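**Student:** First the structure, which I've put down as structure tokens, then a few questions once you've had a look.
The values are calculated or read from the model by the stated rules, or taken from the named source; none is laboratory data. What you see is a predicted model; the values in this text were computed from it and never measured. Positions of Cβ are backbone-derived with ideal geometry, glycine not excepted, and every protein chain shown enters the neighbour counts. When the accessible area is computed, the model is the full protein with side chains, heavy atoms only, and any ligands, DNA or RNA have been set aside. Shrake-Rupley method; radii C 1.70, N 1.55, O 1.52, S 1.80 Å.
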Amino acid sequence: PYMVLPIVVLSFGGIASLVAAACDPQRFRALILLDPTIFEPPAMFALGLMKLFGLQTRMPLVRGALNRRARFASLDEAYAYWRGKRLFADWPDESLRLYAESMTRPAAEGDGLELTWSPAWEARGYQTVLTTTWRSVRHLRGGLPILLVRGGRSDTLLPATAARLRRALPNLDYAEVDGHGHLFPQTAPDATRALITDWLQGLPESASR
């Protein structure tokens, strides 16, 4: 059965939904992309060559994932570990605590906690990253309503890439969450919710239901 809904997705999930919408747009009423991980064509080409020649383990994200700490003595220790990371420096304490709870589970062997998603599984996601996203972008031109939201300080969706997407998709509306990075839904949830709500309310009734 078809589930025709507005879809709101962040980061790699945004790319997955973008590709799905390009393949079967009738399943979607609208698409909201929150800082999707789409890169400039030369970077995509370079990633494609690395995959072609089996060099994925040299990708920085892959190396980082494989070296990820995977065990913690307690939830408090996990929270303190992520609290000290630059990526989470501006996260509210409550959000980071919930993140720590969702990202850990009782260790399968021994005491303490382990990551819910293993470093190897995370690395696998980066190793198989899609490098043909711009082909899917072309299929969305002039079609369903799209909102692209970028974190104003994002180092993932760069300004040049956002500008290229705006040129490629005349049916795309664009907004930024000023002063926030890639994970702005966690650091600025109220502003993010307001942007999405206002945009959906401005859509034709057939698209926003």
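**Student:** Roughly speaking, to the nearest percent, how much of the range 154-209's 1.4 Å accessible area is carbon and sulfur?
**Tutor:** Working: 1540 of 3050 Å².
Reported share for carbon and sulfur atoms: 51 percent.
**Student:** Right, another one. Which chymotrypsin sites (Phe, Trp or Tyr not before Pro) in the range 20-60 pass both tests, a DSSP loop state and at most 13 other beta-carbon atoms within 10 Å?
**Tutor:** Phe53
**Student:** Next question. What's the extension gain from His139 to Glu109 if we count 0.36 nm per residue and subtract their Cα-Cα distance? Could the numbers behind the result be given before it?
**Tutor:** Values: separation 30, 0.36 × 30 = 10.80 nm, distance 4.76 nm.
Stretched out fully, the His139 to Glu109 stretch lengthens by 6.0 nm.
**Student:** Another one. Please work out whether the range 65-167 counts as rounded, prolate or oblate from its C-alpha gyration tensor, where a ≥ b ≥ c are the square roots of the eigenvalues and a/c under 1.5 means rounded, while otherwise a/b larger than b/c means prolate and anything else oblate? All intermediate terms of the calculation are to be shown ahead of the outcome.
**Tutor:** Working: a/c = 2.94, a/b = 1.94, b/c = 1.52.
Cα axes put the range 65-167 in the prolate bin.
**Student:** Is it possible to state the helix-based mean residue ellipticity at 222 nm for the chain, with each DSSP H run of 4+ residues giving -39500 (n - 2.57), the sum divided by total residues, to the nearest 500 deg cm²/dmol? What is it? Walk me through the numbers before you get to the answer.
**Tutor:** Working: 11 runs with 99 residues, N = 209.
Mean residue ellipticity, 222 nm, calculated: -13500 deg cm²/dmol.
**Student:** List every residue whose amide H lies under 5 Å from the amide H of Ser118, counting only residues 5 or more places away in sequence or on a different chain, with H placed 1.01 Å from N in the peptide plane.
**Tutor:** Amide H to amide H, under 5 Å and 5 or more residues apart or across chains, Ser118 pairs with nothing.
**Student:** A further question on this structure: With label points built 7 Å along Cα→Cβ from the Cα atoms of Asp198 and Thr116, find their separation and express it in nm.
**Tutor:** Here the modelled spin labels are 3.2 nm apart.
**Student:** Per residue, how many Å² of accessible area does the range 128-209 show with a 1.4 Å probe? Don't skip to the end; give the middle numbers.
**Tutor:** Details: 4290 Å² over 82 residues.
Accessible area per residue: 52 Å².
**Student:** A further question on this structure: Among rounded, prolate and oblate, which fits the range 69-126 when a ≥ b ≥ c are the square roots of the eigenvalues of its C-alpha gyration tensor, a/c under 1.5 means rounded, and a/b larger than b/c means prolate?
**Tutor:** Details: a/c = 2.12, a/b = 1.25, b/c = 1.71.
Note, shape of the range 69-126 comes out oblate.
**Student:** In whole Hz, with x marking every Gly and Pro, tabulate ³J(HN,Hα) for the range 131-138 from phi via Karplus 6.51 cos²θ - 1.76 cosθ + 1.60, θ = phi - 60°.
**Tutor:** 10, 10, 4, 5, 5, 5, 4, 4
**Student:** On to the next question. Would you kindly state how much longer the chain becomes between Leu87 and Leu158 on full extension, computed as 0.36 nm times their sequence separation minus their alpha carbon distance, in nm to one decimal? Before the final figure, lay out the partial values.
**Tutor:** Numbers: separation 71, 0.36 × 71 = 25.56 nm, distance 1.68 nm.
The span from Leu87 to Leu158 would gain 23.9 nm if fully extended.
**Student:** So, one more: Could you tell me which GluC sites (Glu not before Pro) in the range 108-209 are loop residues by DSSP with no more than 15 other beta carbons within 10 angstrom of their beta carbon? Could you put the intermediate results ahead of the total?
**Tutor:** Numbers: sites: Glu109, Glu114, Glu122, Glu176, Glu205; in loops: Glu109.
Passing both the DSSP loop test and the Cβ count: Glu109.
**Student:** May I ask you to order 155-162, 142-149 by the average number of other C-beta atoms within 10 Å around their residues, highest value first? Provide the component values of the computation, followed by the final result.
**Tutor:** Working: 155-162: 15.6, 142-149: 19.0.
Those peptides, ordered most packed to least, come out 142-149, 155-162.
**Student:** Right, something else. Quick one, which of [x] 18.7; [y] 17.0; [z] 17.9 is the actual Kirkwood radius over Cα pairs in Å calculated for this model?
**Tutor:** [x]
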